[in-house]
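Working notes, beginning with the structure itself.
What follows draws every value from the coordinates through simple rules; no lab data is involved. Bear in mind the structure is a predicted one, so any value in this text is a computation, not a measurement. Cβ sites come from the backbone with ideal geometry, for glycine too, and all protein chains shown count toward neighbours.
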Amino acid sequence: MASPPSPPSAIHQQRLDQLAAFLHTGEQILAAWDTYSDQHTDPDSWPYDDETYGRRAARRDADTWIAAAQIRPFARELISTAEVQLQQLPARAVQSHWPWHLANAEHALDQLDAFEEDYRARLDDLPLSARPGTQAYDDLIDARNAEAWHSLNELALHAPVILTIHATTQRTPPRLEAVAPRPAPTASAAATPVARR
């Protein structure tokens, strides 16, 4: 008989909650950007004021980068756990596109790590006078965030499957474990009469 699903550990549940918070924040950032863009571009999607529009886009990118930074330290662990959960779920409970979403979420994390490593090296090459608030420093951070925007968006697009798999695992019994057949009674046991009362 299959055992019921185990409840998630407190740490794992906390990380799932943080992932959900990131996804919610990402939706709010994107919705606010869509509203701004609709109001500040012409019918052909050209901004009325390039400079102001660019600053607003930079803020969108920065806000999304900061939000993702809250989950990136443990996001791969969440993906790994989801992959294990997939293996434990019965086939009828699994959607065929779930592994694809997990793979794309991990690829987005790979790209974000590469961006961070590249731009950290560039920041190290700046003169000591280049501090947060100086144009040289801030321009480089803005460039990193802008370049990472697609990967940030991909992470937000594919990571919800982690929550979906977790929820499915909690409400679905795992695959039935192989149960050894019950041994047949021995000849002596079978021949022993049962006393009647």
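Report the chymotrypsin sites (Phe, Trp or Tyr not before Pro) located in region 1-75 that are in a DSSP loop and have at most 11 other Cβ atoms inside 10 Å of their Cβ, or state none. Before the final figure, lay out each step's value.
Details: sites: F22, W33, Y36, Y48, Y53, W65, F74; in loops: Y48.
Loop-located and lightly packed - Y48.
When the convex hull of the Cα atoms of region 13-174 is projected onto a plane and the area is averaged over all directions, what value comes out in nm²? Walk me through the intermediate numbers first.
Numbers: hull surface 46.1 nm².
Value for region 13-174: 11.5 nm².
If one puts a single equal scatterer on every Cα of region 26-82 and applies the Debye formula without solvent, what log₁₀ I(q)/I(0) results at q = 0.12, 0.19 Å⁻¹?
The calculated log intensity ratios at q = 0.12, 0.19 Å⁻¹ are -0.41, -0.72.
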